[in-house]
Amino acid sequence: MSGVFVSTTINGDSVEFSCAADEPLLDVLRNRLGMTGSKEGCGTGDCGACSVTVNGRLVCSCLVLGAEVGGATIETIEGMADGDVLHPLQKNFISHAALQCGICTPGFLIAAKALLDKNPDPSEEEIRFGLAGNLCRCTGYDKIVRAVQATSKEMRGA
Amino acid sequence: MPLDTSYVQKTLKQVGTRPLRPDGLDKVTGRARFGADYNAPGQLIALVLRSPHPHARIRKIDTSKAEKLAGVKAIITSADLPDLTNGDRNMRDMLENCMARKKVLYDGHAVAAVAAIDVTTARKALKLIKVDYEILPHVTDVDEALKPSAPVIHDDVFTDGVEPKPTKPSNNNKRASFGHGDVAQGFREADVVVEHSFKTEQTHQGYIEPHSCVANVSPDGTGELWVCTQGHFVYRNQCAALLGMDISRLRVTASEIGGGFGGKTHIWTEPVALALSRKANRPVKLTMSREEVFRCSGPTSSTSIDMKIGAKKDGTITAAHGVLRYHGGAFPATWAEFGAMTAFACYDLKNVKSDSIEVIVNRPKTAAYRAPSAPMAAFAVESVMDELARKIGMDPVDFRIKNAAKEGTKSSYGPVYGPIGIGATLEAAKNHPHMKAPLGKNQGRGMACGFWFNFGGQTCTDINVTPDGTVTVAVGTIDVGGSRASIGLIVAEELGIPYDHVRVVIADTSTLGHNDMTDGSRGTFSTTMACVAASRNVVKELGKRAAKMWDIPEDAVVWEDGHAKPAGSNAGNFPPLSIREIAAGAGNTGGPIAGHNEMVADGAGVSFATHICDIEVDPETGRSSVKRYTVIQDAGKAVHPTYVEGQYQGGAVQGIGWALNEEYIYGKDGRLQNAGFLDYRIPVCSDLPFIDTMILEIPNPNHPYGVRGVGETSIVPPLATVANAMSNATGVRMTHIPMSPPRVLKAIDALKKH
């Protein structure tokens, strides 16, 4: 098997790995780098549980190849908190009970952060469409939307 | 001393508050370990070869080429899983479902499995296994399977519950009847009778986490299994039985579970992974793909239901009769019975009968799905109820209130009810602002009721007081949606200590006695009951130790607010001793302080809900969207109200998905055509409004805090609620779930033609 050698930046750290040419970034993260916070719900880009950002762009890491991310800047759930200080989204997801089983939570947090980075004051509709690429089967999305609304308000100091 | 489980009203300091859940931090930071997040040193990766045919005889499986592939460490077929089930039909079916024996019975049925050094090698190996099939005729439709011309799937299934027992095998494994009174007479007394036939399509629980396990069997016959499951003790017992292991030799550790909803109550891949590990002498990791989850885990039944209800003009129901056909997938099951038992449970009926017909089809083995079988039955009953109310000119809520079951009602499935909440949920619905809000163009409003039994079951719990006075609670029931928070609240309340001094963990199977799985909405009900008993044992022990420290009799000590106090001035004048002080001295007063309990948690309180839905339909396309939705449900006692709301909202939305979008689509070739989240569309955030909730608390008399189960009932009313809303919006009675745009459009067009 011919491997591909990749140098990249993940959550601010320089990381090097070798992977197969056809290996999804998700598998690299989970199986080669031990970063199991990104989840595989489908492997076909339909559920969003593996959401990460690559160069600031929200992607399903199951649809990106490890070989593609040389020189990129990748953010995953493992890098969301600043040490022991949670990102406001993380804090509000807990306090609003925006998670039940929690398998979709890392993907939702990454997607919600990407949304708020682009649009700090989204309407309910913009939140709902902004998160429509992430599936949650437990919550009915109610408390997820409320947690994002609360975070938006908090981060804007409103 | 056995626990007095009776409900006692008291002032609560912690139960009913909304603290942060203990596993929240791990779950928002990616630390929490779910099924596929486990790995063992030296593990192999396993994949399963699955049948492309819905029904075929296996003539031969040739694994020789695959075995020769470098990196392949073990291959198994059914020959490696000998039948040790000793005539136990359920266990034999379970075994056969894990690995096909003489025949494959559905598209996706496992026929062989490979463990290799990596996934690429395992994939190559699967392609090298040659299976010679003799293709047989198949049937996937619940009504078609009952026809005399249908291919018979099992030649050893003869209908139970029919006298005389048939001599010919068929796809109907059982019939049963429930009810009381004289239905024929009741219909003669009716002024109006409404009768319809309904169909509901098969849906999947749709948990986002695919099944995954790591099995590690050692040459000495001991084994370990890390797995996502709703019941690790049950998995242990069943896997041990199928593999011929002593139960004590298999230790199962449950991962965090990424959703189950009933779908992780059955073993599929676990015995396969264990058998591969045993053969390869290496740890084996086996994770299902999403396609496999759809094709070959355990979705719910599709159904065909005939429903007939009659009433007098004053709104009194005189008779109700339903015939319910549910498929159990490719194996005998009793899902129709659950439907028949729950169908009429909301009402006080003089004459009622429900007949269940169990059907076998070439689809995957049906598993429980949240209040299994009840939503489809409620869809049929509540649709007919709505039409009946309209025909006699009564408000649909008032019609239901008039006929609602109450304390003392003999239920349609047998038992006489204690205090129940159906009437209260209906009254709350009647007075809810949602009911009075104006509707827009092309919008309709519907409401419906639902019931679920709830369950108690076997439960075993340990509470240990640590040397600093904080407490660990080891439970054996999987936390599927926040039960660790509820359990922590109850233990904190009982011991009189802060919630954050209680740490609840899910223990592995070698640490506690058997626990039934988290199903039947039993997680919080049964575990908190056992934890109340265990806490009281702890308190008793704490009192003993305080008595020893003070050198007074044990019965002269009382426990209040987390402290031992002398019972009165006669007992002595001692300042209160905190749990921390007693724990610190435990080494001198008798050793570690602990409380244990094991029980069968009887007395689960039945649960009722009423839902209200507003829907808007586009008459040009048949597309619909839910505009407003309200859930009103009796919780008995909401231990952690936020997570009770979460159960209400989640169940409602699963039901909305079922009502509007979700369905298994099988082609004429008997193959599943939509085995992925793109084509099997579950609701997404932008499909929905906020889901309003109202928690009613009518205490369950059989639980010390009045707790009923809350997890399942919320999925029972939505099919009917949404269908009634759709029928009101379109003017045509919707009888086929899901009400996808093409079906709605067809119904609207048919109405126009009339």
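The values are calculated or read from the model by the stated rules, or taken from the named source; none is laboratory data. Predicted model only: the values in this text are computed from it and were never measured. Reconstructed Cβ throughout: ideal geometry from the backbone, glycine too, with neighbour counts over all protein chains shown.
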Inspect all residues belonging to the range B:686-696 and state whether any of them is more than 21 Å from the chain's Cα centre (by Cα) and assigned to a helix (DSSP H, G or I).
yes
Condition check: on the phi > 0 side of the Ramachandran plot and within 14 Å of another protein chain (Cβ to nearest Cβ). Does B:Gly181 satisfy that?
no
Which condition number does B:Val252 fail, the rest of (1) closer than 19 Å to B:Ser510 by Cα; (2) within 14 Å of chain A (Cβ to nearest Cβ) being met?
(2)
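Conditions (1) within 14 Å of another protein chain (Cβ to nearest Cβ); (2) within 18 Å of B:Pro704 (Cβ to Cβ), marked per residue:
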{"site": "B:Val465", "(1), (2)": "no, no"}
{"site": "B:Ser483", "(1), (2)": "yes, yes"}
{"site": "B:Leu495", "(1), (2)": "no, yes"}
{"site": "B:Val502", "(1), (2)": "no, yes"}
Residues of the range A:91-130 classified as facing chain B (nearest Cβ under 7 Å), part of a helix (DSSP H, G or I) and not basic (Lys, Arg), total:
7
Go through (1) surrounded by 16 or more Cβ atoms within 10 Å (Cβ to Cβ); (2) over 17 Å from B:Ser607 (Cα atoms); (3) in contact with a helix residue (DSSP H, G or I) (Cβ under 6 Å, 6 or more places away or on another chain); (4) modelled with pLDDT of 95 or more for B:Ser483 and report which single condition fails.
(4)
Looking at the range B:83-100 only, could you name the residues that are surrounded by fewer than 21 Cβ atoms within 10 Å (Cβ to Cβ), touching a residue at least 40 places away in the same chain (Cβ under 8 Å) and part of a loop (DSSP other than H, G, I, E, B)?
B:Leu84, B:Thr85
Condition broken by B:Val193, with the remaining ones in (1) out of contact with any Ser or Thr (no Cβ under 7 Å at 6 or more places or on another chain); (2) closer than 27 Å to B:Ala330 by Cβ; (3) aliphatic (A, V, I, L, M) satisfied
(2)
Lone unmet requirement of (1) assigned to a loop (DSSP other than H, G, I, E, B); (2) surrounded by fewer than 21 Cβ atoms within 10 Å (Cβ to Cβ); (3) within 14 Å of chain A (Cβ to nearest Cβ) for B:Ala32:
(2)
Return the pair list, or none, for Cβ contacts closer than 8 Å from residues in the range A:29-43 that are at the interface with another protein chain (Cβ under 7 Å from one of its Cβ atoms) and more than 13 Å from B:Val28 (Cα to Cα) to residues that are acidic (Asp, Glu) and buried (at least 21 other Cβ atoms within 10 Å of the Cβ), at least 6 apart or on different chains.
A:Gly41/B:Glu209
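Can you tell which of A:Thr8, A:Thr36 is in a loop (DSSP other than H, G, I, E, B) and surrounded by 15 or more Cβ atoms within 10 Å (Cβ to Cβ)? Break it down into steps so the answer makes sense when it comes.
Details: A:Thr8 fails: in a loop (DSSP other than H, G, I, E, B).
That would be A:Thr36, the only listed residue that is in a loop (DSSP other than H, G, I, E, B) and surrounded by 15 or more Cβ atoms within 10 Å (Cβ to Cβ).
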B:Ile552 vs. criteria on the phi < 0 side of the Ramachandran plot, of a type in the set (Val, Ile, Thr) and either in a helix (DSSP H, G or I) or under 44 Å from the mean Cα position of the chain (by Cα) (or both):
no
Looking at the range B:594-642 only, could you name the residues that are crowded, with 23+ Cβ neighbours inside 10 Å, hydroxyl-bearing (Ser, Thr, Tyr) and either within 27 Å of B:Val471 (Cα to Cα) or within 14 Å of another protein chain (Cβ to nearest Cβ) (or both)?
B:Tyr629, B:Thr630
Condition set part of a loop (DSSP other than H, G, I, E, B) and of a type outside the set (A, V, I, L, M, F, W, C), scope the range B:248-265, selection farthest from the chain's Cα centre (by Cα): answer is B:Ser255
Test: residue in the range A:61-74 that is part of a loop (DSSP other than H, G, I, E, B), within 7 Å of another protein chain (Cβ to nearest Cβ) and more than 13 Å from the chain's Cα centre (by Cα)
no
Condition set more than 14 Å from chain B (Cβ to nearest Cβ) and either touching a Lys or Arg at 6+ places or on another chain (Cβ under 6 Å) or assigned to a loop (DSSP other than H, G, I, E, B) (or both), scope the range A:11-28, selection surrounded by the fewest Cβ atoms within 10 Å (Cβ to Cβ): answer is A:Gly12
Out of the helices (runs of 4 or more DSSP H) lying entirely within the range B:355-463, which hold 1 or more residues that are in contact (Cβ under 8 Å) with a residue 40 or more places away in the chain and of a type in the set (Ser, Thr, Tyr)?
B:374-391, B:422-430
Output the residue which, of all residues in the range A:131-153 that are at the interface with chain B (Cβ under 7 Å from one of its Cβ atoms) and hydroxyl-bearing (Ser, Thr, Tyr), is farthest from the chain's Cα centre (by Cα).
A:Thr139
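Matching residues to (1) free of Cβ contacts under 8 Å to residues at least 12 places away in the same chain; (2) of a type in the set (Gly, Ala, Ser); (3) buried (at least 24 other Cβ atoms within 10 Å of the Cβ):
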{"position": "B:His501", "(1), (2), (3)": "no, no, no"}
{"position": "B:Gly513", "(1), (2), (3)": "no, yes, no"}
{"position": "B:Thr524", "(1), (2), (3)": "no, no, yes"}
{"position": "B:Ala533", "(1), (2), (3)": "no, yes, yes"}
{"position": "B:Lys548", "(1), (2), (3)": "no, no, no"}
{"position": "B:Glu554", "(1), (2), (3)": "yes, no, no"}
Residue pairs qualifying under the 6 Å Cβ cut-off, at least six apart or on distinct chains, with the first in the range B:595-623 being under 20 Å from B:Pro689 (Cβ atoms) and the second being among the hydroxyl-bearing types (Ser, Thr, Tyr) and surrounded by fewer than 20 Cβ atoms within 10 Å (Cβ to Cβ), are B:Glu616/B:Ser625
Tell me, please, whether a residue that is in contact with a Leu (Cβ under 6 Å, 6 or more places away or on another chain), surrounded by 24 or more Cβ atoms within 10 Å (Cβ to Cβ) and over 23 Å from B:Glu224 (Cβ atoms) can be found in the range B:283-294.
no
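Please go through the range B:658-682 and give me each residue that is outside any loop (DSSP other than H, G, I, E, B), more than 17 Å from the chain's Cα centre (by Cα) and either facing chain A (nearest Cβ under 8 Å) or closer than 17 Å to B:Ala374 by Cα (or both), ordered by number.
Listed by number, the list holds a single entry, B:Ala659.
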Qualifying residue in the range B:279-293 (condition: over 29 Å from B:Arg681 (Cβ atoms) and within 14 Å of chain A (Cβ to nearest Cβ)):
yes
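Would you confirm whether or not the range B:699-719 contains a residue that is charged (D, E, K, R) and in contact with a Gly (Cβ under 8 Å, 6 or more places away or on another chain)?
Yes, the conditions are met somewhere in the range B:699-719.
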Inside the range A:80-90, the number of residues satisfying the requirement of being at the interface with chain B (Cβ under 9 Å from one of its Cβ atoms) and either closer than 20 Å to A:Asp13 by Cβ or free of Cβ contacts under 8 Å to residues at least 40 places away in the same chain (or both) is 5
When residues of the range B:690-710 are limited to those that are surrounded by 18 or more Cβ atoms within 10 Å (Cβ to Cβ) and within 10 Å of chain A (Cβ to nearest Cβ), the one nearest to A:Glu125 (Cα to Cα):
B:Ile691
Scan the range B:649-669 and report the pairs whose first residue is on the phi > 0 side of the Ramachandran plot and whose second residue is aliphatic (A, V, I, L, M), with Cβ atoms within less than 7 Å and a gap of 6+ or a chain change.
none
